[in-house]
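For reference, the structure discussed in these notes is given below.
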Amino acid sequence: MTEPDFLHTTRTSYDAFAGFYAELFQDELNAKPLERHVLAAFAELAASDGGGRPVADVGCGTGRVTAYLHGLGADVFGIDLSPGMLAQARSRYPHLRFEEGSMLALDLPDDALGGLLAWYSVIHVPDERLPEVFAEFLRVLTPGGHLLLGFQVGEEALHLTEAGGHRVSLDFHRRRPEALAALLTGAGLELRATLLRERDGEGPFPEKTPQAYLMARKPAAG
């Protein structure tokens, strides 16, 4: 089967600037208390409702959020498309597990996860492939398991051709929370919470758009 173009360009782009990305965003969560609390709530729900199953950080990149969840006590591992980003993750967090894979076809059995985090990782998926991705997320979550999405809010995609002096080709799809919520429920997930935050134009990590976080759950059995 031919690989979709967006997977190839996303992988090669992140491979090209993995080291730059790792250094730039290593301490980002330290500057974002609201996001830390959202992640903590997700970890607690995944632990309480996930039937003892692990959490997957899908699109884990350099592993910094995987490591944060681990620090909260989560049984968590990372999955990413980019070997370059995974090399950074394994070097920085050798005590954690990181696997190469695509969210279009996760190498996991049905009902394997108590929680699935997609923290700014579906932003590179074209609109027409999102139902496929969310169906895959539903498949691998156990009944009662939780999903958390993080993404930038907007109407149009941003195309990036350079990052840290490296040539890349990345599309960042900015989306409305209500549109993603409709896709999640259409896939069979139950929407549990929506958080919309205005952009932070100051501080060490200034933003161009508002940010949003959606929590959903696979319906419990019975």
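Potential lengthening of the chain between GLU198 and ARG129 amounts to 22.1 nm, from the contour at 0.36 nm per residue minus the alpha-carbon distance.
For region 1-42, the equivalent ellipsoid built from the Cα gyration tensor has semi-axes of 29, 16, 6 Å, listed from largest to smallest. Working note: Cα atoms of region 98-153, range along each principal axis, descending, whole Å: 29, 24, 19.
Sorting the segments 208-221, 111-124 by their mean number of nearby beta carbons within 10 angstrom, highest to lowest, gives 111-124, 208-221. Enter the angle in degrees (range 0 to 90, nearest 10) between the Cα long axis of helix 177-186 and the first principal axis of the Cα atoms of the chain, meaning the one along which they spread out most. Helix 177-186 sits roughly 40 degrees off the main axis of the chain.
Computed on the Cα trace of region 60-124, the radius of gyration divided by the Kirkwood hydrodynamic radius gives Rg/Rh = 0.93.
Stokes-Einstein, applied to the Kirkwood radius of region 158-222 over Cα pairs at a viscosity of 1.002 mPa s and 20 °C, places its translational diffusion at 148 µm² s⁻¹. Semi-axis lengths, largest first, of the ellipsoid equivalent to the chain are 24, 19, 19 Å, with √(5λ) applied to each eigenvalue of the Cα gyration tensor. Considering only ASP57, ASP80, ASP15, the Gaussian network model of the chain with Cα springs below 10 Å gives its largest mean-square fluctuation to ASP15. Taking the dipole about the Cα centre of the chain, with the C-beta of Lys and Arg at +1 and of Asp and Glu at -1, give me whichever of PRO177, ALA41, ALA16 is farthest to the positive side. About the Cα centre, the residue reaching furthest to the positive side is ALA41. Helix-only arithmetic for the chain: the sum of -39500 (n - 2.57) across DSSP H runs with n ≥ 4, divided by the residue total, places the mean residue ellipticity at 222 nm at -10500 deg cm²/dmol.
Relative to the longest principal axis of the Cα atoms of the chain, the long axis of helix 5-16 makes an angle of roughly 60 degrees.
Taking Cβ atoms as reference points and 10 Å as the exclusive limit, the residues near ILE79 contribute a net charge of -4, counting Lys and Arg as +1 and Asp and Glu as -1. Here the spin labels are modelled as points 7 Å beyond Cα on the Cα-Cβ line, and at ASP107 and LEU160 they lie 2.7 nm apart. Rounded if a/c is under 1.5, else prolate if a/b is larger than b/c, else oblate: which is region 19-61, with a ≥ b ≥ c the root eigenvalues of its Cα gyration tensor? Oblate, because a/c is 1.5 or more while a/b does not exceed b/c.
Relative to the dominant Cα principal axis of the chain, helix 83-92 is inclined by about 80°.
Rule-based calculations on the coordinates, nothing more; no lab input. Note that the structure is predicted; figures quoted are calculated from it, not measured. Note that we place each Cβ from the backbone using ideal geometry, even for glycine, and neighbour counts take in every protein chain shown.
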